[in-house]
Each structure stands twice: as C-alpha cells, then as structure tokens.
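The values are calculated or read from the model by the stated rules, or taken from the named source; none is laboratory data. Here the structure is a predicted model, which is why all the values come from computation and not from measurement. Cβ sites come from the backbone with ideal geometry, for glycine too, and all protein chains shown count toward neighbours. Surface areas here come from the heavy atoms of the whole protein model, side chains and all, with no ligands, DNA or RNA. Shrake-Rupley method; radii C 1.70, N 1.55, O 1.52, S 1.80 Å.
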Amino acid sequence: MIEIATEVDLFHPPARIWRALTERELLAKWFAGSESLGDRTLLRTAALSGYDADTEVEVVELRAPERLVLRCREADRSTRLACDIVATGHGSRLSVREVLEEGDWDADRRAEQHQAAVTGRLPAILDWIAFQQVDLRRAEGGLTAELPVVGLLGDAGSRAGRRRAVLVGAVLVVLGAAAGVTVWATRPAPPAPAAPPPSAPLVMPSVSSGAPTPTPSRATPSATRRSVAPDPTPSASPTRTPSPSPSPAAPLTASYETVSDRVFGYRGQVVLSNPGPAARSGWTVTVTLGDDATVGTVNGAEAKQDGAVVTFTGAAVPAGGSATIRFDVRDPDLTATRPEGCTVDGAACAGL
C-alpha cells in the first residue's frame, strides 16, 4: 500500500478552509468542470496535466468543518483521500492523505501535485476569501470592520445540495495538477429664356400726289398696329438621373466566450462576423462588467473603460470575414466568470 501525506499550516480558521475544500464556485476557479451522477460526481480531469481520464468521486465520510474522506476512481486507479482540519493558535493545520487502493501511479509525481495544491493554490483562494470579508476603509469604530459577505458564494440550501457541493470538494486534492454617407451633386438652375428684343417703330411711306414731297412722317402712337410677340422656344430642362442608392450594409454579428477562468477574474473573447459584401469599419463593441471590475490586456482592438462599460473599436472587418477581440478582466467577485452584457453596434452578442 502506498500512502502520500502532505501537511500545511494556514493562517485561516477551519470554517474558511472548509469552504475552499467544498464549495463548487470556489473550486471551479482553478480546477475542472463537474457533472452530478446521483450520489457521485464526475470531475472533468481528463484534459489536465497528470490525469489520464475523468475522475469519479464519492463521499465516504463527512464531518464539517473537521474531516472529509473521499473515494476517487480515475480509469483503472482507485484511491482513498482524507482531509483533516485542526484549529491552532494562529489558524489551522490541514493534513491531506491519499492511499492507493487499486491500480498504479507515479508516487513522486502525485506528491508534487499535493504540494502544489495545498501550498500554492489553496492559500491564494483563502487569502482572497478573507479579503472579501474585511472592509479596509477608514470608518467610525476603527480602521477595519468585519462585514458580512452577502451573496458571495451562498450556502447549500439542503442536505442534498451540501452533499453535491462536497462531492466537488474532491477537486482540492485530486486536482493537484490542475491548473456611408451618400453625396448628391447639386445641379444649377436652368437659365431663364432671353426676353424678345423690343419691336422697332413702324414707318409708313407717304404717297406722291404732285405736291412737294413731304418728309416722311413717323406713325403716330394712335396708328393701329397689331404686334405679335413671338413665343419663346422653351428650352429643354436637363433631366438629372439619380445615382443608385447603395444597398445598406449588412450588420455585424458577434459572439462572446470565456476563454479561461481564474481566481481573480477571467479572459473573455468576442468574435465579430461580417456577412456583407463590403468591409465594415466604424463598428463598436460594448461590454458591461461587474461592479469594480477592470479590463487589463486587450488584443485585437482599442479599449476605453468608463465605469463598468468598456468600449472596443478597431480596424475594418473584411467582407465575409471575422475579427477577434480578447481581453483580460480583473473582477473582485469570485463567482464572476463573464461580463454582464455585450453588444455590437447596439445588437446583443450571442453566448451571453
């Protein structure tokens, strides 16, 4: 029989360590997904370093917040895992023991996994929980004040709920390895037709009657004359042929996905797709984060944060193509694994 034992002193009370060992929301931050199998739980460990398959976990003994015993089966290997928590003057002492009951394993590698889990990831989670429970702002009554944590992770609502959460608790030790504007031309108004020239005065010749020839006299204004003004020839107005209006560009679509999830935040990804026949520029992607969350490293776009709203802009998305935006988020809410909202040009992203 091969036994691996690891022991560590932690500056945290037993109840806090128990939460870190058993609550699903905490474990999911640094391990694998899980699936309920009735009185057992299936941990998705096949893709993790040091594991050959998914692991089935069954609770053998449960005594909160002191002792947790599990039976774990991974492929043809079966082990019994025991976690004991003892209060000390400065915090707690956690002892983890795993015994191989069936099959074979690399004992040295397994011991390294235990050590990494209980001295690396577990203390980080405990420190974070402790930080969430203390208000460090100056206020009346002292420099710090213990505050209740409302809705941070929540307690299991029933005995069955608690049992399912504890089944996931196998993660702590079993996990050891885880880890256009259109422009119109302006046509000038057609020139008005020229006015007809004024009519010349009509001169009537005198008739000779043997008398001295008088000087021809100009017709008097009273002379009857019919003057017909020529009708102006209407000039043809040039007809403007309107330019065909361009078809409205097809709207971009977007989908969101959480690429990775960790204790202090997550890495998100938005994929933009352009189904139209022309490249699309001037787009805007808006992501709404949780309270006090901030965006860090961004790839594929420019980012500007205003409160909880982060606005991404970038290069044109090619016709029939796509563009990818990836961004890191630091979120003080341990249960947060994705933003609260995502839109592209006002339309909701898929995946949220």
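Exactly one condition in (1) part of a helix (DSSP H, G or I); (2) modelled with pLDDT of 85 or more is not met by Ala160; state its number.
Of the numbered conditions (1) part of a helix (DSSP H, G or I); (2) modelled with pLDDT of 85 or more, the odd one out for Ala160 is (2).
Does the stretch 279-289 contain at least one residue that is in contact with a strand residue (DSSP E or B) (Cβ under 8 Å, 6 or more places away or on another chain) and closer than 28 Å to Leu48 by Cβ?
No - not one qualifying residue is present in the stretch 279-289.
So Gln133 clears everything in (1) surrounded by 12 or more Cβ atoms within 10 Å (Cβ to Cβ); (2) at pLDDT 75 or above; (3) under 23 Å from Trp18 (Cα atoms) except one condition, right? Which one?
Every condition holds for Gln133 apart from (2).
If I go through the stretch 259-285 residue by residue, how many of them are modelled with pLDDT under 95, among the β-branched types (Val, Ile, Thr) and part of a strand (DSSP E or B)?
Matching residues across the stretch 259-285 total 1.
Please count how many residues of the stretch 305-342 are under 13 Å from Ser273 (Cα atoms), outside any loop (DSSP other than H, G, I, E, B) and open to solvent by less than 50 Å² (accessible area, probe 1.4 Å).
Counting residues in the stretch 305-342 that are under 13 Å from Ser273 (Cα atoms), outside any loop (DSSP other than H, G, I, E, B) and open to solvent by less than 50 Å² (accessible area, probe 1.4 Å) gives 3.
Cβ contacts < 6 Å: first residue within 10 Å of Val118 (Cβ to Cβ), restricted to the stretch 1-18; second residue assigned to a helix (DSSP H, G or I) and aliphatic (A, V, I, L, M), any location; separation 6+ or different chain. Result?
Thr6/Val118; Val8/Val118
Restricting attention to strands (runs of 3 or more DSSP E) lying wholly within the stretch 41-112, give those where 3 or more residues are within 19 Å of Leu27 (Cβ to Cβ) and out of contact with any Asp or Glu (no Cβ under 9 Å at 6 or more places or on another chain).
Strands (runs of 3 or more DSSP E) meeting the threshold: 55-63.
When you check Ala316 against the structure, is it within 18 Å of Arg280 (Cβ to Cβ) and of a type in the set (Gly, Ala, Ser), yes or no?
yes
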